[in-house]
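The values are calculated or read from the model by the stated rules, or taken from the named source; none is laboratory data. Everything numeric in this text was worked out from a predicted model, so none of it was measured. All Cβ positions, glycine included, derive from the backbone under ideal geometry; neighbour counts span all protein chains shown.
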Amino acid sequence: MMKSKDLVIQSEIENLLQSRSSGQNLKSYFENLPDHKVRRAIVILSRIYPDKNTVSDDDLEFIICMLSKERYLEQDSFFNFIHSLNLIEFTETQKDTLIPVIQKHFETLCENCTFELDNLLVNIFKLPDLFEYMKTLAEEGSTAVLQHIADILRYEHFSDDKVSAEALEILEQKISRKL
C-alpha cells in the first residue's frame, strides 16, 4: 500500500505524462523537486514510465536530463529508471543522441546499476561498438567500471560473429589482471 505522500507524487507524475509536453513538464517537475523527494519520485516514475514504447524528442530531452544530472544518477533508486528505459524502442537517431550521454556518466551509472545498465547498453549500442567502447574503458576504467565490463562480457550477448571469441578472451584477461 502506498503512503499518501507517494500517492500525491504518483498523481502528479501521471498528470504530467498526460500533458502535451510531458518530457519538458517532467524535466521541470524533477528539477524543482526537493532533494528529500527525489529518490521516491524516481521509484514512482519508474513504475509508470514509459507510458508508451516509443518516445518523442521532448521525452528524450527528459531522459537525457535524468541521465546527465548527478542529483538523479546518485540516487540508489536510479536503477529503477534505467530498467524502465529498457522498455522503450529508441530510434537510431535517439540512440546516437543517448550514447555520448551514457558514456559521459558511465562510471556513476556503474555504481548504482547492474543488469539494468547492461540491458540498456545492449539496446542502445551496436554490439561491435559496445565492444570497442568496453576496450577503451578497460584501459582507463575504475574498479567499478572494470567489474561492470567483466559482468557484461560474462553474461551478455557477444556470442555472434561480429565480435570474435578470441577478442573477448583477450579483453576478459586484461580486465581480470587489473581487478
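List of remarks:
- Cβ pairs under 6 Å, 6+ apart, first in the range 131-160 and at pLDDT 80 or above, second loosely packed, with under 11 Cβ neighbours inside 10 Å: Leu146/Leu179
- For Gln103, the criteria (1) over 12 Å from the mean Cα position of the chain (by Cα); (2) among the polar types (S, T, N, Q); (3) more than 25 Å from Lys37 (Cβ to Cβ) hold in every case but one, which is (1).
- Leu146 passes every criterion in (1) in contact with a helix residue (DSSP H, G or I) (Cβ under 9 Å, 6 or more places away or on another chain); (2) among the hydrophobic types (A, V, I, L, M, F, W, C); (3) under 21 Å from Val43 (Cα atoms) apart from (3).
- Within the range 118-159, if we keep just the residues that are of a type in the set (A, V, I, L, M) and surrounded by fewer than 18 Cβ atoms within 10 Å (Cβ to Cβ), the residue that is nearest to Leu73 (Cα to Cα) turns out to be Ala144.
- Some residue of the range 44-53 being over 30 Å from Thr136 (Cα atoms) and β-branched (Val, Ile, Thr): yes
- Of all residues in the range 88-113 being touching a helix residue (DSSP H, G or I) at 6+ places or on another chain (Cβ under 7 Å) and among the hydroxyl-bearing types (Ser, Thr, Tyr), the one that is modelled with the lowest pLDDT: Thr108
- Residue pairs whose Cβ atoms lie under 8 Å apart, sitting 6 or more positions apart in sequence or on different chains, and linking a residue in the range 101-117 that is under 9 Å from Phe79 (Cα atoms) and part of a helix (DSSP H, G or I) to a partner that is at pLDDT 90 or above and acidic (Asp, Glu), are Asn112/Glu74; Asn112/Asp76.
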